Amino acid sequence: YLNLRYADGDRLYVPIDQIDRVSRYIGAGDAAPSLTRLGTQDWERAKRKARAAVQELANDLLELYAKRQLSQGFAFSPDGEWQHELEDTFPYDETPDQLRAIADVKHDMEQIQPMDRLICGDVGFGKTEVALRAAFKAVQDGKQVAVLVPTTVLAQQHYETFSRRMAAFPVKVDVISRFRSPKEQEAITVELAKGEIDILIGTHRLLSADIHFKDLGLLVVDEEQRFGVRHKERIKQMRANVDVLTMTATPIPRTLHMALAGIRDLSVIDTPPEDRVPIKTYVLPYDQQLVREAVLRELDRGGQAYYLHNRVQSIYYTADRVKQLVPEAEVGVGHGQLGEHQLERVMLDFFSGKDDVLVCTTIIESGLDVPNANTIIIDDATTYGLAQLYQIRGRVGRSAQRAYAYLFYKPDHRMTPEAQERLQAIQEATELGAGFRIAMRDLEIRGAGNLLGAEQSGHIAAVGFDLYSRLLEQAVRTMKAKLIETNFQRPNTAKQNEDQETADTRQDGAKNDASAPAPAQRASASRRQPMVKVDEKVLISPLVTLDLPLDAYLPTDYIPDDRVRLAVYQHMAEAQTPRAVRELRQELRDRFGELPEPADCLLTWLNIKALALAVGVTSVVTAAEEFIVRLPEGDALDREKLRRRFGKNPAIKVGPQFVRLDRRSLPADGWIEPLTELLETLGK
């Protein structure tokens, strides 16, 4: 049994065959979940709220999906000779995931429906290259490309990368951000409207009202969650009929990926570049001598270092201290409050190698790529969130050189348990691609919030991520099936003519009759009455009650780790067919060796459960002198089948509701075969 503890000391014992009804709680942030009392309505209320939110979200997602299926975009041509030439100039070997993502994007671009794909990849795993190839492909067909990034520094860096890679081709790349003077910005807007600029890279300045593309074909958005609500609305308007490629380094949880399959197209880049080595991470009390040694070691091998200090008020004092510690180094200072030209000069000095150490704020957090910088020193690391620490650490280790990260904390300040956990997690997550596994709680919930919208985070926290994902998956699947049945029209939409098509899709499919409410009312009415009722009962397998004389469990000496053992139990609960049970037996042998007797009994028990499930038997109970099998309701043929097969066997009596196996006439463990045979006969 699994022992569940509720509020006020209530306890519930869950048999291991029903362990699929229990899932690990993953909530938002570090707060512990609030427990509810057994037998109260609190948990039901939380689930009801989450269900309603899920229905609304699924409605919105399907609305977008239906619009995309119905709208006509631009089908780009297959790759030409120039495309192959550009791709051959890539100085690295593409990883399998990268190639798959590139193929996905090209396939989407060649369809008539507008693309809406999300590329999710760890820091430094080559998402920019995917975007660059897509942009070049769009330009080949005479279309313009907008690349939207969250920071000025990143815009400048993308501009340099795109310009360098496309220098041999007649492609005009430009950048618009606060690094450009008003006069330069005005000239860019004029050239853009005339169609003289092919690719424009920029910050939210790209979303201003005076920016007009002559023929926009592709919008690339880097880290969309970093833009504000107003900007997101503007992005949504731009999405209407152009292909959209969104990139993020925040991991998207696998369960969510499954729930949104076929609605939001996702490509995950999870394999590191071939020559990449993990970052060596140290968590230490602040030590001046160590700072000096770390910087000098980096300078000795011809590299550069970041020194992260996230307080603008004291950043120059910190920079002076670094200069005194390491007089051999040239030190630059970069932060968001610098004037645009000052910041540009500081960044260019660091990119070009003029400065050895850059003392900076978290302005470097997003996507900055300096392959020669391979040491990062983080001052007072306890003040950062886990996802942020991971992103910041990803600024180094972007080449074949071994990189070092020093996370310092103040020795005279008491550290909170949460901060301690965060630092421990970042220290342990040194393997490449750890971004997709590091502290599921912090990163994945953030990933879910980014993808679904912040308002959903509260519902995820209320019911836990696992149940939320299953509710969403069911809502999406049901609604999508209905949409496909009606050829992507809302079921209750009466289409009158082509002019009304877009209006009807937008107005959430209200009935088109004389008494219909106004558009705004119709939209909100559809919100109040979601089309699909989500019932979490269908998310868990039907219940079979088994009470068998078997000592069935996984011994601790067979699987010593508690977490692994619980995961295996949950995996077992998912085995719903005899074939799945056979595969599970083989998997356990491969992973843990020959099965001891209790584990073998557990698999026998699972096999009986799978057979019972298949034929609708709801219980097999052991009494003092017999086994009682409750037959599925209805079919007289089942009873007849059993009588023909077992009628001459005095140990088996077939009645209208039950089959009884006499234990006295069977050897101690000889009941398994006749019981299995009985269930198999029912299934024939």
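The values are calculated or read from the model by the stated rules, or taken from the named source; none is laboratory data. Since the structure is predicted, the reported quantities are computational estimates derived from the model, not experimental observations. As a convention, Cβ positions derive from the backbone with ideal geometry for all residues, glycine included, and neighbour counts pool all protein chains shown.
When segment 210-226 is limited to residues that are surrounded by fewer than 19 Cβ atoms within 10 Å (Cβ to Cβ) and modelled with pLDDT under 85, the one that is farthest from Ala75 (Cα to Cα) turns out to be Arg226. Could you list, in sequence order, all residues of segment 607-631 that are aliphatic (A, V, I, L, M) and touching a residue at least 60 places away in the same chain (Cβ under 8 Å)? Listed by number, the residues that qualify are Ile608, Leu611, Ala612, Leu613, Ala614, Val615, Val617, Val620, Val621.
All told, Gln144 meets the bar of being touching a helix residue (DSSP H, G or I) at 6+ places or on another chain (Cβ under 8 Å) and in contact (Cβ under 8 Å) with a residue 60 or more places away in the chain. Among the listed residues Asp108, Asp79, Asp93, which satisfies the condition of being acidic (Asp, Glu) and not in a loop (DSSP other than H, G, I, E, B)? That would be Asp108, the only listed residue that is acidic (Asp, Glu) and not in a loop (DSSP other than H, G, I, E, B).
Contact map, segment 287-315: residues that are farther than 21 Å from Gly334 by Cβ and in the same structural domain as Arg393 (by TED's automatic domain parsing) paired with residues that are at pLDDT 90 or above and surrounded by fewer than 13 Cβ atoms within 10 Å (Cβ to Cβ), Cβ distance under 6 Å, separation 6+ or inter-chain. No pairs are found. Assess whether Val581 counts as being within 29 Å of Val659 (Cα to Cα), surrounded by fewer than 16 Cβ atoms within 10 Å (Cβ to Cβ) and β-branched (Val, Ile, Thr). When the stated conditions are applied, Val581 does not pass them.
Per this entry, Glu583 is not counted among residues that are of a type outside the set (A, V, I, L, M, F, W, C) and within 17 Å of Glu677 (Cβ to Cβ). Here Gly336 meets each of (1) crowded, with 20+ Cβ neighbours inside 10 Å; (2) outside any helix (DSSP H, G or I); (3) in contact with a Ser or Thr (Cβ under 7 Å, 6 or more places away or on another chain) with one exception, condition (1).
So, in segment 266-312, of the ones that are outside any strand (DSSP E or B) and among the hydroxyl-bearing types (Ser, Thr, Tyr), which residue ends up surrounded by the most Cβ atoms within 10 Å (Cβ to Cβ)? Result: Thr271. Given the structure, is Gln420 modelled with pLDDT of 80 or more and surrounded by fewer than 18 Cβ atoms within 10 Å (Cβ to Cβ)? Yes, satisfied.
When each of Val153, Val190, Val171 is tested for being buried (at least 23 other Cβ atoms within 10 Å of the Cβ) and assigned by TED's automatic domain parsing to the domain that holds Glu110, the lone residue that passes is Val153. Testing Lys49 on (1) farther than 14 Å from Leu266 by Cα; (2) touching a residue at least 40 places away in the same chain (Cβ under 8 Å); (3) under 22 Å from the mean Cα position of the chain (by Cα); (4) not in a loop (DSSP other than H, G, I, E, B), one condition comes back false. Which one is that? Among (1) farther than 14 Å from Leu266 by Cα; (2) touching a residue at least 40 places away in the same chain (Cβ under 8 Å); (3) under 22 Å from the mean Cα position of the chain (by Cα); (4) not in a loop (DSSP other than H, G, I, E, B), Lys49 violates only (3). Report whether or not Gln420 is out of contact with any Gly (no Cβ under 9 Å at 6 or more places or on another chain), part of a helix (DSSP H, G or I) and in the same structural domain as Tyr307 (by TED's automatic domain parsing). For Gln420, the condition - out of contact with any Gly (no Cβ under 9 Å at 6 or more places or on another chain), part of a helix (DSSP H, G or I) and in the same structural domain as Tyr307 (by TED's automatic domain parsing) - is met.
I'd like to check something: does segment 584-592 contain any residue that is of a type in the set (S, T, N, Q) and in contact (Cβ under 8 Å) with a residue 24 or more places away in the chain? No, segment 584-592 contains no residue that is of a type in the set (S, T, N, Q) and in contact (Cβ under 8 Å) with a residue 24 or more places away in the chain. Contact map, segment 160-189: first residue assigned to a helix (DSSP H, G or I), second residue among the hydroxyl-bearing types (Ser, Thr, Tyr), Cβ cut-off under 8 Å, separation 6 or more or different chains; pairs are Thr161/Thr128; Arg165/Thr89.
Taken over segment 343-365, residues that are closer than 26 Å to Cys120 by Cα and either surrounded by fewer than 20 Cβ atoms within 10 Å (Cβ to Cβ) or not assigned by TED's automatic domain parsing to the domain that holds Gly332 (or both) amount to 2. It is to be established whether one or more residues within segment 18-40 are over 28 Å from Ala475 (Cβ atoms), at pLDDT 75 or above and of a type in the set (Ser, Thr, Tyr). No, segment 18-40 contains no residue that is over 28 Å from Ala475 (Cβ atoms), at pLDDT 75 or above and of a type in the set (Ser, Thr, Tyr). Has segment 85-108 got at least one residue that is closer than 20 Å to Leu216 by Cα, β-branched (Val, Ile, Thr), surrounded by 14 or more Cβ atoms within 10 Å (Cβ to Cβ) and in contact with a helix residue (DSSP H, G or I) (Cβ under 9 Å, 6 or more places away or on another chain)? Yes - at least one qualifying residue is present in segment 85-108.
One residue stands out in segment 548-580 among those that are under 30 Å from Pro674 (Cβ atoms) and among the small types (Gly, Ala, Ser): the one that is farthest from the chain's Cα centre (by Cα), namely Ala552. Evaluation of Leu338 against the conditions (1) in contact with a helix residue (DSSP H, G or I) (Cβ under 8 Å, 6 or more places away or on another chain); (2) free of Cβ contacts under 8 Å to residues at least 24 places away in the same chain; (3) under 24 Å from Ala400 (Cα atoms) shows that the sole unmet condition is (3).
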